[in-house]
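Chemist: Here you go, one structure.
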Amino acid sequence: GSFSNTMDYVTVAVPSATATDFGDLITAMNSSAGVSSETRGIMGGGNNGSNVSNMEFITIATAGTGTDFGDLSQARHSPAGVSSGTRGVWGGGYAGGNVNTIDYVTIDANPTANATDFGDLTVARRQLAGCGSTTRGLFGGGYASGHVNTIDYITIDTTPTCTDFGNLTRSNNVLGACSSNTRGIWG
């Protein structure tokens with residue numbers, strides 16, 4: 001019912017009934033996407049009544065408040081994020097219309113900086129989900145003029161435009177994804 005700036009955490013190896021408060025984002029919003037290295041997490045894009053371009057980072061091992069990282073190239077909500085552990089990439093989203101924009105940052109950069117253009121998705125869409133390995137990122141599903149089953153892939157540490165990977169078994173949007181270094185799953 002309202003925008004939130006709450007961040008929660010769990011210890012992945014320890015089952016828990018509830019998450020623990022981590023701290024607060026600078027901006028209360030929804031529909032952002034995250035990327036991470038082993039030490040730093042970055043949330044990018046979102047909606048707080050209008051589209052936002054800001055990226056905020058946290059040090060994963062230390063609870064606390066988000067810190068400004070820079071801006072995506074375009075204010076938008078509902079993108080997907082993928083990362084190699086070194087580079088974080090955001091693809092797609094909604095900015096008054098569906099976008100095919102892909103941006104990237106070096107996650108552990110110091111000083112932090114604005115995102116740089118990476119290329120384009122094969123289909124402009126929002127509400128897609130990303131997963132990948134240390135070398136390849138996948139963007140699957142989403143909403144264009146209807147639900148999408150498209151899966152695109154990128155080689156994360158180079159900057160070409162996406163290439164068609166194949167299709168999900170059905171067209172979906174507002175989905176989630178996770179992966180090991182060898183298998184990606186959308187649900």
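Chemist: So how far apart, in nm, are the two label points at residue 167 and residue 38 if each is 7 Å from Cα heading toward Cβ?
Modeler: Distance between label points: 4.1 nm.
Chemist: Now, a different point. Suppose all protein chains stay in the model; what accessible area per residue would a 1.4 Å probe give for the range 111-187, in Å²?
Modeler: Dividing the accessible area of the range 111-187 by its residue count gives 52 Å².
Chemist: Sum up the charges of everything whose Cβ sits under 14 Å from the Cβ of residue 100, counting Lys and Arg as +1 and Asp and Glu as -1, but leave residue 100 out.
Modeler: Taking every other residue near residue 100 into account, the sum is -2.
Chemist: Over the range 37-187, what is the mean sequence separation of C-alpha contacts under 8 Å (at least six apart), divided by residue count, expressed as relative contact order in percent?
Modeler: Relative contact order comes out at 17 percent.
Chemist: Ok, one more. Rounded, prolate or oblate for the range 91-138? Axes are the square roots of the Cα gyration tensor eigenvalues, ordered a ≥ b ≥ c, and the cut-off for rounded is a/c under 1.5.
Modeler: Oblate shape, in that a/c is at least 1.5 and b/c is the bigger or equal ratio.
Chemist: May I have the convex hull volume per residue, in Å³, for the Cα set of the chain?
Modeler: 121
Chemist: So what is the relative contact order of the range 37-108, in percent, for Cα pairs below 8 Å that sit 6 or more residues apart?
Modeler: Relative contact order comes out at 28 percent.
Chemist: Net charge within 13 Å of residue 83 by Cβ-Cβ distance, Lys/Arg positive one each and Asp/Glu negative one each, not counting residue 83 itself?
Modeler: Once positives and negatives cancel, what remains is -1.
Chemist: Something else now. Starting from the Cα gyration tensor of the range 45-140, take the square roots of the eigenvalues, sort them a ≥ b ≥ c, and report rounded, prolate or oblate (rounded when a/c is under 1.5, otherwise prolate if a/b is larger than b/c, else oblate).
Modeler: oblate
Chemist: Could you look at the range 23-124 and say what percent of its accessible area is carbon and sulfur, using a 1.4 Å probe and all protein chains?
Modeler: Using a 1.4 Å probe with all protein chains present, the range 23-124 comes out at 43 percent carbon and sulfur.
Chemist: Over the Cα atoms of the range 1-108, compute the convex hull volume and normalise it per residue, giving Å³.
Modeler: 106
Chemist: Show me the ranking of peptides 152-163, 57-68, 96-107 by mean Cβ neighbours inside 10 Å, starting with the highest.
Modeler: Peptide ranking by packing, descending: 96-107, 152-163, 57-68.
Chemist: Test of understanding: extend the Cα→C-beta vector of residue 3 to 7 Å, then name every residue of the range 48-87 with backbone N under 17 Å from that spot.
Modeler: The answer is 48-57, 66-72, 74-79.
Chemist: I want the local charge near residue 54. Using Cβ-Cβ distances under 10 Å, sum +1 for each Lys or Arg and -1 for each Asp or Glu among the other residues.
Modeler: Residues near residue 54 contribute -3 overall.
Chemist: Modelled label-to-label distance, residue 182 and residue 110, 7 Å Cα→beta-carbon offset: nm?
Modeler: 3.6
The values are calculated or read from the model by the stated rules, or taken from the named source; none is laboratory data. Predicted model only: the values in this text are computed from it and were never measured. Every residue, glycine among them, receives a Cβ derived from its backbone with ideal geometry; neighbour counts consider all protein chains shown. Areas reflect the complete protein model, heavy atoms only, side chains present, ligands, DNA and RNA absent. Shrake-Rupley method; radii C 1.70, N 1.55, O 1.52, S 1.80 Å.
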